[in-house]
Amino acid sequence: PRADVVHKKLSAEIGEGLRWLINERFLLNLSIIGALTNFFLHATFAIAVLFVLEILNAGALGFAVLLAIEAAGALVGALAAGSVRRRLGTTRTIVGALLLAAAANLFIAATSSYLAVAVMAALISLSGATWNVVTNSMRQQRVPDGLMGRVQSAHRLLSWGAIPLGALAGGLLGGALGLRAPFLVAGVALVLLTGAARRLRMPSDEREPVAN
């Protein structure tokens, strides 16, 4: 049913969304992990074109093809996320997505093969799309309808706010230590974030997978 809208000051509505998210520890921790993941992944995205041109020697066309392959990986991840969650459960799905992205970044840091990098890039996009579908679905299920916009804004302040900072860090790191360094750092960081995700206290109604 449609509820009556009560107009408040913008600052009050922002504060209401922030307070709700802070008090919902599980979703807050997911937002923090998501922000850190964005930080480290976008550190690699910022130097990706240079990596393709200078390390892989693939040229402009090679970079364009790589972007298309990444998009295909994201599409597969988005379409498969629901099925994967039903089979594995929420915890295993989000942990698996982080671990897959970690392994792919470490592999990219160690290879000069364009084909291998293309496969790993597709897996990173697949894992990112899976993470987004599962965690956003959980947020939509758990946040009261009247607070959805405000809570989502608070979440995105954390999650999206980390993106330009990560891009800046990636450029500085790549310039100082070489173009492989951001991928290596991202891989190690994502391994640590995988461990943090495993220790999340999942809400009781999300703990067990739903069998088909």
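The values are calculated or read from the model by the stated rules, or taken from the named source; none is laboratory data. Only a predicted model underlies this, so the values are computations on that prediction, with no experimental measurement involved. Here Cβ is always computed from backbone atoms with ideal geometry, including for glycine, and neighbour counts include all displayed protein chains. Quick note on the areas: whole protein, heavy atoms, side chains included, nothing else; ligands and nucleic acids left out. Shrake-Rupley method; radii C 1.70, N 1.55, O 1.52, S 1.80 Å.
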Summing -39500 (n - 2.57) over every DSSP H run of at least 4 in the chain, dividing by its residue total and rounding to the nearest 500, the 222 nm mean residue ellipticity is -26000 deg cm²/dmol
Cα-based Rg/(2.2 N^0.38 Å) for the stretch 7-141, rounded to two decimals, is 1.24
Measure of exposure for GLU24: accessible area at 1.4 Å probe, Å² rounded to 10, is 50
Counting only protein heavy atoms and leaving out ligands, DNA and RNA, the solvent-accessible surface of LEU18 at a 1.4 Å probe, in Å² to the nearest 10, equals 70
Residue by residue through the stretch 170-186, the couplings from Karplus 6.51 cos²θ - 1.76 cosθ + 1.60 with θ = phi - 60°, in Hz, x for Gly and Pro, are x, x, 5, 5, x, x, 7, 10, x, 6, 7, 4, x, 5, 5, 4, 4
Output row, site ALA72, 7 Å Cα→C-beta label point, backbone N cut-off 15 Å, window the stretch 119-147, residues 119-126
Per its Cα gyration tensor (rounded if a/c is under 1.5, else prolate when a/b beats b/c, else oblate), the stretch 114-212 is best filed as prolate
About its Cα centre, the chain carries a charge dipole, from +1 on Lys and Arg Cβ atoms and -1 on Asp and Glu Cβ atoms, whose size in debye to the nearest 20 is 520
Rounded to whole angstroms and listed largest first, the alpha-carbon spread of the stretch 65-144 along its three principal axes comes to 47, 21, 21
With +1 at each Lys and Arg Cβ and -1 at each Asp and Glu Cβ, the charge dipole magnitude of the stretch 69-168 around its Cα centre, to the nearest 20 debye, comes out at 380
Karplus-derived 3J(HN,Hα) from phi for the stretch 97-107 (6.51 cos²θ - 1.76 cosθ + 1.60, θ = phi - 60°), whole Hz, x at Gly and Pro, runs 5, 5, 5, 5, 5, 4, 4, 5, 5, 5, 5
